[in-house]
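The values are calculated or read from the model by the stated rules, or taken from the named source; none is laboratory data. Predicted model only: the values in this text are computed from it and were never measured. No Cβ is skipped: glycine too gets one built from the backbone with ideal geometry, and neighbour counts run over all protein chains shown. Just the protein is used for accessible areas: all its heavy atoms, side chains included, with ligands, DNA and RNA removed. Shrake-Rupley method; radii C 1.70, N 1.55, O 1.52, S 1.80 Å.
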Amino acid sequence: MSKQFDVIVIGGGPGGYIAAIRAAQLGFNVACIDEWKNGKGGPAPGGTCTNVGCIPSKALLQSSEHYDQANHHFADHGIKVEGLGIDLAKMLARKDQVVKQNNDGILYLFKKNKISFFHGRGSFEKSGDAGYDIKVAGAAEETITGKHIIVATGSNARALPGAAFDEENILSNDGALRIGAVPKKLGLIGSGVIGLEMGSVWRRLGAEVTVLEALPTFLGAVDEQIAKEAKKAFDKQGLKIELGVKVGEIKSGKNGVSVAWTNAKGEAQTLEVDKLIVSIGRVPNTIGLNAEAVGLKLDERGAIAVDDDCKTSLPNVWAIGDVVRGPMLAHKAEEEGVAVAERIAGQHGHVNFNTVPWVIYTSPEIAWVGQTEQQLKASGRAYKAGTFPFLANGRARALGDTTGMVKFLADAATDEILGVHIVGPQASELISEAVVAMEFKASAEDIARICHAHPSLSEATKEAALAVDKRTLNF
Ligand code: FAD
Ligand code: NAI
């Protein structure tokens, strides 16, 4: 007889491994199956996020930011640097080490929580009285049975038609994180989150970077005022972003990649680069899951169809994270994982999509939660806005980083905070206060009356809340 589990999680990314831990905490007998392999063929749980996403990108963003600071900004602080250089092999090895620490951390957490980990591909075989039979194809093949199945198989990079990823010249996020020598010229297709983060890394390290974006507006999902401010900063840094383009034929050869494109005026152009990163979004991953064996339904985008509670078309089969609708973010996947484990236990797990924060880890960082000004206008909601520039913040001046602002949007009548948008230093950390405030349905006045440490960047948050009522103290 096959091994029986209360819960089997397929996929060990941030959605899957967190779901497994929460289910184990709730007293279930849990298995997690993940197929990711490290360089030696061993297990590397953590998914896209840990292996080729959030973690390695932030490691390289940090290293390249240190270099950029030493190269361009230390002198302002009276620090002289001689013989500055880059040891790219070491930088990449450090990034790999950070990834490994996270892989090892997850394996430790599986042990600590008594979760049975299976290294291999999980696929549906059939359903029966005891639950669902899942085939695990790893070093050996075996079948395990689960009463509940949580599918957390993530997503893959979307390729451009006619330009398959070879990870040598035409790179997905995977190849973009392990280019062996700083390219002289780097092209990116898509100025979304990956385009801006990866473009920033390689620009700071010395590449001449051109980003080709199809949409006529820059960062359309971001509050317009914030996106404009960010664009100004990126232009100043020399990140060349072309908007409203149409990408044509892509040719890859010994000498690099040639991209035919048309600019916003309809003029034909050619971009010759050493490497091309294609970052035009991601597609849900159901490859190898054998969803058809049990009749698991997909939606029109190829994502697993789920309701608001992450229930699929099949009883006791759940799906979370990038493989279902909603933003493709690690923390969204994690929240869904926790909520599903709690629902299986008969509890009332809940994910509030309105308070999922977004962060783009460029310099300046961009972070937001809730609605943008353009969304409020479109919905006809009466609102008040307040902004405060980092230029007027003492800590930002001391840091030498005064780019950007904090912006509050609050309901015109009740003062409830509807959205907070930040572009500037440490926006990724500052946004947490706004998330907490919105979860507690705080008003702008609530934040304005809370004592914030001086000198700190968080005072800009307080001042932006004060600005909603037109009574900033330091501007
Ligand atoms: P994944 O992390 O993709 O994990 C799925 C796992 O399932 C993988 O390990 C896969 O191998 C495994 N798997 C798939 N099919 C099977 C199968 N049949 N059997 C066994 N195993 C299987 N998000 C953020 O919130 N912050 C960031 O800073 C951030 N940075 C990013 C940077 C980059 C370059 C990229 C590409 C993404 C980034 N993301 C970031 C997005 C984030 O990585 C994803 O939203 C997140 O990883 C989704 O988690 P998941 O658990 O749904 O799927
Ligand atoms: P994205 O959706 O952020 O951006 C894709 C961009 O490519 C869009 O601006 C789109 O208009 C453009 N585009 C699409 N087709 C195009 C074409 N044919 N020609 C030119 N431009 C085209 O997707 P991206 O950057 O690939 O990232 C995928 C996802 O990964 C993100 O949406 C996000 O969910 C996640 N992610 C999150 C990060 C974070 O939280 N900091 C970091 C990196 C990724």
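Per-structure values
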| read-out | value |
| --- | --- |
| Any hit, the stretch 38-54, residues being open to solvent by less than 20 Å² (accessible area, probe 1.4 Å), touching a Phe, Trp or Tyr at 6+ places or on another chain (Cβ under 8 Å), within 16 Å of ligand 2 (Cβ to nearest atom) and not aromatic (Phe, Trp, Tyr) | yes |
| Every residue from the stretch 105-143 that is out of contact with any strand residue (DSSP E or B) (no Cβ under 6 Å at 6 or more places or on another chain) and open to solvent by 40 Å² or more (accessible area, probe 1.4 Å) | Leu107, Tyr108, Leu109, Lys111, Lys112, Lys114, Ser127, Gly128, Asp129, Ala139, Ala140, Glu141 |
| Condition broken by Gln62, with the remaining ones in (1) among the polar types (S, T, N, Q); (2) open to solvent by 40 Å² or more (accessible area, probe 1.4 Å); (3) more than 16 Å from ligand 2 (Cβ to nearest atom) satisfied | (3) |
| Criterion violated by Lys228 - all others in (1) assigned to a helix (DSSP H, G or I); (2) within 16 Å of ligand 1 (Cβ to nearest atom); (3) surrounded by fewer than 22 Cβ atoms within 10 Å (Cβ to Cβ) satisfied | (2) |
| Residues that are assigned to a loop (DSSP other than H, G, I, E, B) and more than 9 Å from ligand 2 (Cβ to nearest atom), drawn from the stretch 179-216 | Ile179, Gly180, Ala181, Val182, Pro183, Lys184, Leu205, Gly206, Ala207, Pro216 |
| Odd one out for Leu329, checked against (1) hydrophobic (A, V, I, L, M, F, W, C); (2) over 16 Å from the mean Cα position of the chain (by Cα); (3) near ligand 1 (Cβ under 9 Å from one of its atoms) | (2) |
| Number of the exception - Val247 against (1) part of a strand (DSSP E or B); (2) surrounded by fewer than 16 Cβ atoms within 10 Å (Cβ to Cβ) | (2) |
| Looking only at the stretch 348-401, and only at residues there that are of a type in the set (Lys, Arg) and not in a strand (DSSP E or B), the one that is farthest from Phe234 (Cα to Cα) | Arg381 |
| The lone exception for Leu239 - which of (1) open to solvent by 40 Å² or more (accessible area, probe 1.4 Å); (2) within 30 Å of Thr387 (Cα to Cα); (3) of a type outside the set (Gly, Ala, Ser); (4) in contact with a Gly (Cβ under 8 Å, 6 or more places away or on another chain) it fails | (1) |
| Test: residue in the stretch 356-367 that is surrounded by fewer than 16 Cβ atoms within 10 Å (Cβ to Cβ) and either polar (S, T, N, Q) or touching a residue at least 40 places away in the same chain (Cβ under 8 Å) (or both) | no |
| Pairs with Cβ under 9 Å, 6+ apart, first in the stretch 368-384 and within 17 Å of Asn352 (Cα to Cα), second aromatic (Phe, Trp, Tyr) and surrounded by 13 or more Cβ atoms within 10 Å (Cβ to Cβ) | Trp368/Trp358; Val369/Trp358; Gln371/Tyr383 |
| Any chance Ala303 is more than 13 Å from ligand 1 (Cβ to nearest atom) and in contact with a strand residue (DSSP E or B) (Cβ under 9 Å, 6 or more places away or on another chain) | no |
| Among the residues listed as Gln62, Gln25, the single one being out of contact with any Leu (no Cβ under 8 Å at 6 or more places or on another chain) and free of Cβ contacts under 8 Å to residues at least 24 places away in the same chain | Gln62 |
| Breaking point among (1) crowded, with 20+ Cβ neighbours inside 10 Å; (2) more than 9 Å from ligand 2 (Cβ to nearest atom); (3) not assigned by TED's automatic domain parsing to the domain that holds Gly27, for Thr153 | (3) |
| The stretch 204-256: number of residues that are among the hydroxyl-bearing types (Ser, Thr, Tyr) and closer than 16 Å to Gly192 by Cα | 2 |
| Check on Ala89, within 30 Å of Arg343 (Cα to Cα), away from ligand 1 (no atom under 16 Å from the Cβ), at pLDDT 95 or above and assigned to a helix (DSSP H, G or I) | no |
| Every pair of residues 6+ apart whose Cβ atoms lie under 6 Å, when the first sits in the stretch 4-22 and is under 15 Å from Leu109 (Cα atoms) while the second is modelled with pLDDT under 95 and in a strand (DSSP E or B) | none |
| Residue pairs meeting the criteria (Cβ under 7 Å; at least 6 apart or on separate chains; first in contact (Cβ under 8 Å) with a residue 12 or more places away in the chain, in the stretch 97-115; second assigned to a loop (DSSP other than H, G, I, E, B) and open to solvent by 30 Å² or more (accessible area, probe 1.4 Å)) | Asn103/Asn38 |
